[in-house]
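Asker: Structure incoming, see below.
The values are calculated or read from the model by the stated rules, or taken from the named source; none is laboratory data. Please read these numbers as outputs of a predicted model, since none were measured by experiment. Using ideal geometry, Cβ is built from the backbone for each residue, glycine included, and neighbour counts are taken over all protein chains shown. Note: areas computed on protein heavy atoms with side chains; ligands, DNA, RNA excluded. Shrake-Rupley method; radii C 1.70, N 1.55, O 1.52, S 1.80 Å.
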Amino acid sequence: MIQHARFNLNDIIHEPSDEQLDALMEAVAAEARKHAQAAREQLMIRLRAEIMAISPPLRPQA
């Protein structure tokens, strides 16, 4: 990822450029996607564990 000059969103005199805002929004979206993926993975682990606790896997009968 390209590093852009730092800027302060609270600075009302020096507004960030459109490119800086685009980069910030993409960085925020990338972090949100990363957190969402980790949350989905944890949810699936817990869901599989709960399903296994209720219904153990079927074993082939010999």
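Asker: Could you please tell me which pairs satisfy a Cβ distance under 7 Å, a separation of 6+ or placement on different chains, a first residue in segment 15-27 that is free of Cβ contacts under 8 Å to residues at least 12 places away in the same chain, and a second residue that is outside any helix (DSSP H, G or I) and aromatic (Phe, Trp, Tyr)?
Answerer: From segment 15-27, the pairs are Pro16/Phe7.
Residue-wise test of (1) outside any loop (DSSP other than H, G, I, E, B); (2) open to solvent by 90 Å² or more (accessible area, probe 1.4 Å); (3) touching a helix residue (DSSP H, G or I) at 6+ places or on another chain (Cβ under 6 Å); (4) modelled with pLDDT of 95 or more.
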| residue | (1), (2), (3), (4) |
| --- | --- |
| His4 | no, no, yes, no |
| Glu31 | yes, no, no, yes |
| Ala39 | yes, no, no, yes |
| Arg46 | yes, yes, no, yes |
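Asker: Mind listing whichever residues of segment 13-29 are of a type outside the set (D, E, K, R), open to solvent by 80 Å² or more (accessible area, probe 1.4 Å) and at pLDDT below 90?
Answerer: Of everything in segment 13-29, those that are of a type outside the set (D, E, K, R), open to solvent by 80 Å² or more (accessible area, probe 1.4 Å) and at pLDDT below 90 turn out to be Ile13, His14.
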